[in-house]
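Structure first, commentary second.
The values are calculated or read from the model by the stated rules, or taken from the named source; none is laboratory data. Please read all numbers here as calculations on a predicted model, not as lab measurements. Here the Cβ positions follow ideal geometry from the backbone for every residue, glycine too, while neighbour counts run over all protein chains shown. With ligands, DNA and RNA removed, areas are computed over all heavy atoms of the protein, side chains included. Shrake-Rupley method; radii C 1.70, N 1.55, O 1.52, S 1.80 Å.
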Amino acid sequence: MKKKQLTKIISTAIPLHMENIDTDQIIPARFLKATNKEGFGENLFRDWRFDMDGAAKPHFVLNNPIFKGEILIAGYNFGCGSSREHAAWALSQYGFNAVVSSFFADIFRNNALNNSLLPVQVTPEFLQKLFETVDADPSAIISIDIEKQTIGIDNKELVEHFDINPYKKVCIINGYDDVDYLASMRQKTEAFEKNRKNDFSITF
Amino acid sequence: MHKPKTLFEKIWDSHVVFQEEGYPAVLYIDAHLIHEVTTPQAFDGLKKRDLPVFRTNRTFATADHNVPTKDQQLPIREELSRRQVEALVKNCKEFGIDLWGLGHPNQGIVHVIGPELGITKPGMTIVCGDSHTSTHGAFGAIAFGIGTSEVEQVLATQTILQYKPKTMNITINGKLGKGVVSKDIILYIISKISAAGATGYFVEYSGSAIRSLSMEARMTICNMSIEMGARGGMIAPDETTFAYMKGREFAPRNKDWDKAVAYWKTLPSDKGATYDRELVIKAEDIEPMVTYGTNPGMGVKVTGTVPTEQDFTTSSEKENLAKAMEYMGLTPGQKMIGQKIDYVFFGSCTNSRIEDFRMAASIIKGKKIASNVTAFVVPGSTHVAKQVEKEGLDKVFIEAGFEMRGAGCSACLGMNEDKIPSGKYCISTSNRNFQGRQGPGARTFLASPIMAAAAAITGQITDVREML
């Protein structure tokens, strides 16, 4: 199945000055009851955005109308905790195409890539520059080029290279899907099963 | 002579179906555990693609995250939860997967029932749409949590795309002190290396202190590997592993058992095998632990104090502490002992097995919980619940003032009705003290079952060693 294709993200950014943002903060468990992929964006960072009565908390950055954009900038170890892909769906549905941090938790990174939400890991120094730039000028434009694997702060002419695994890069640029790739391996998987030794994993 | 291999490398290498240059490995998955929360969208994907489940006999289903723990025999009251559980029932039926749903004797938390039924075995690859899948590594398996897109991949193909992680060996040698149990080992390790300290690694735990642990104690350690960011945790199989497994419903039998054991004995890391990172810990350095903050790395020994700004060097660490203090309502430098608690939760895939309840009951027996405390016990599975009753432990808990519940994930993640009220303190045998994890505004102290038992009696954080 063809997915969203993504080659460049050029946008203002929203700075979220927090480290160790876990997936329970991104989308609390009580919002995981859906059986489809819709409606998660409105509950993104629910308990940081809204109080118990549903009123917006004015101090939370997503409620500050000055900050807008497709890029979320966040502190070290973003997406730790639960494996819930709903976290990636929530960020994506809210309107983010990329999350920039100095470190990502493994499962979140995979989930994000599987949803064409680009996790961009930068150095702590560059992250600091990004925060400073956007804090000072919310209209600053950040440019992410997936083909070239670069992220730049346009008004400062600062650019940094980022890593992305080569397979996922191809998938995101072209909108390819893992299931299609794996399903095309069917004969190899069947041959593997047939030729296996020492398989005590299931009682036949 | 072959290059010496680690336990991880042996299992990984024997499951690579195919690997293209520059691509991740296509890894065969021996067992796929599924539950109601992370699968409905994956089944929808299969329907859209018009694909069947590739290997139904390698897919095991239960309902755990979103089920009530009270009145489990009745229809689920909460509509969205009911619909999600019903979707699992419908999908399993449509795709030909056996389901151990509510009311089934095998129902329970996926990571409790896998080992208890003998589905989890050494040498396997196991995945589940749940980060605590690392639990199963206690048997010498590669087990890790995945997202829903990956659940769909495994349902459709019994394979998953994975880059090989780095390996880390954590050796814990020596003898554990009085009142120190496996939960303390893992909380200690995480407090030392941080909530991101093992990200990118698959961790093997070894050493004499690990060898002396029961299987259930080993599961607690592997379970929380994800809390330091590790892809998974594992422990080499040994006689303790085989003794635990023998005779379980899905374990090999007769000649197959002998063949299996012979193979499993080849799995431990070869002499001379190397890891990308090594860490050595002395068991004697570990004391009963408790967390003070909002991630599992924010833990201290129970006799310790909440850190102060001076204990940290970077401004972001200082800021993390300040934010955690604000949320937790604690003061930097305060003693942990004596901190009051309001709730006690015994449960979760970390500590809800029979040994956990035995050790907690040994502290509680003949005593009453403090008048300011609400305490409840949620067994990890229906089998565990039955065993608790068989051993009369339920009476011990009830007489002390605990409420006994049915099996499920419950207040570990506050997805069902079992939530800790805002602002209240809960000492919990679960695995995460994140903000709002146990309910919006809830404040969590993670600790071992005996530490939680001691706190239940006194109504405050207590050094359990004084009760032994």
Just checking, how many residues over region B:13-32 are outside any loop (DSSP other than H, G, I, E, B) and open to solvent by less than 10 Å² (accessible area, probe 1.4 Å)?
-> 6
Which of the residues belonging to region B:438-449 are touching a helix residue (DSSP H, G or I) at 6+ places or on another chain (Cβ under 7 Å) and open to solvent by 10 Å² or more (accessible area, probe 1.4 Å)?
-> B:440, B:443
Is at least one residue of region B:24-40 within 15 Å of residue A:196 (Cβ to Cβ), among the β-branched types (Val, Ile, Thr) and in contact with a strand residue (DSSP E or B) (Cβ under 8 Å, 6 or more places away or on another chain)?
-> yes
Counted residues in region B:306-349 being in a strand (DSSP E or B) and either within 14 Å of chain A (Cβ to nearest Cβ) or touching a Ser or Thr at 6+ places or on another chain (Cβ under 6 Å) (or both) come to 4
Can you name the residue in region B:411-431 that is more than 9 Å from chain A (Cβ to nearest Cβ) and charged (D, E, K, R) and is also farthest from residue B:448 (Cα to Cα) among such residues?
-> B:417
Residue by residue through region B:154-184, note down the ones that are in a helix (DSSP H, G or I), out of contact with any helix residue (DSSP H, G or I) (no Cβ under 6 Å at 6 or more places or on another chain) and more than 14 Å from chain A (Cβ to nearest Cβ).
-> B:184
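Only one of these is touching a residue at least 24 places away in the same chain (Cβ under 8 Å), among the acidic types (Asp, Glu) and over 24 Å from residue B:146 (Cβ atoms): B:216, B:239, B:227. Name it.
Details: B:239 fails: touching a residue at least 24 places away in the same chain (Cβ under 8 Å); B:227 fails: over 24 Å from residue B:146 (Cβ atoms).
Just one listed residue meets the conditions, B:216.
When residues of region A:2-23 are filtered for being under 30 Å from residue B:48 (Cα atoms), open to solvent by less than 10 Å² (accessible area, probe 1.4 Å) and within 11 Å of another protein chain (Cβ to nearest Cβ), how many remain?
We begin by selecting, within region A:2-23, every residue under 30 Å from residue B:48 (Cα atoms); these are A:2-9, A:23.
Within this subset, residues satisfying the condition of being open to solvent by less than 10 Å² (accessible area, probe 1.4 Å) are A:9, A:23.
Now narrow it down to the ones that are within 11 Å of another protein chain (Cβ to nearest Cβ): A:23.
Looking only at that region, the number is 1.
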Can you name every residue in region B:408-444 that is part of a loop (DSSP other than H, G, I, E, B), under 15 Å from the mean Cα position of the chain (by Cα) and within 20 Å of residue B:360 (Cβ to Cβ)?
-> B:408, B:409, B:429, B:430, B:431, B:432, B:433
In region A:192-204, residue most open to solvent (accessible area, probe 1.4 Å) [restricted to those that are more than 7 Å from chain B (Cβ to nearest Cβ) and assigned to a helix (DSSP H, G or I)] = A:194
Scan region A:1-57 for residues that are touching a residue at least 24 places away in the same chain (Cβ under 8 Å), part of a helix (DSSP H, G or I), under 19 Å from residue A:109 (Cβ atoms) and polar (S, T, N, Q) and jot them down.
-> A:23
Residue, nearest to residue B:331 (Cα to Cα), within region B:264-312, restricted to residues that are of a type in the set (Gly, Ala, Ser) and crowded, with 18+ Cβ neighbours inside 10 Å = B:293
Among residues of region B:197-212, those that are open to solvent by less than 20 Å² (accessible area, probe 1.4 Å) and under 22 Å from residue B:449 (Cα atoms), counted | 3
For region A:155-191, enumerate the residues that are touching a strand residue (DSSP E or B) at 6+ places or on another chain (Cβ under 6 Å) and assigned to a helix (DSSP H, G or I).
-> A:178, A:182, A:188, A:189
Among B:274, B:241, B:220, which is away from chain A (no Cβ under 14 Å) and either assigned to a helix (DSSP H, G or I) or of a type in the set (Asp, Glu) (or both)?
-> B:220
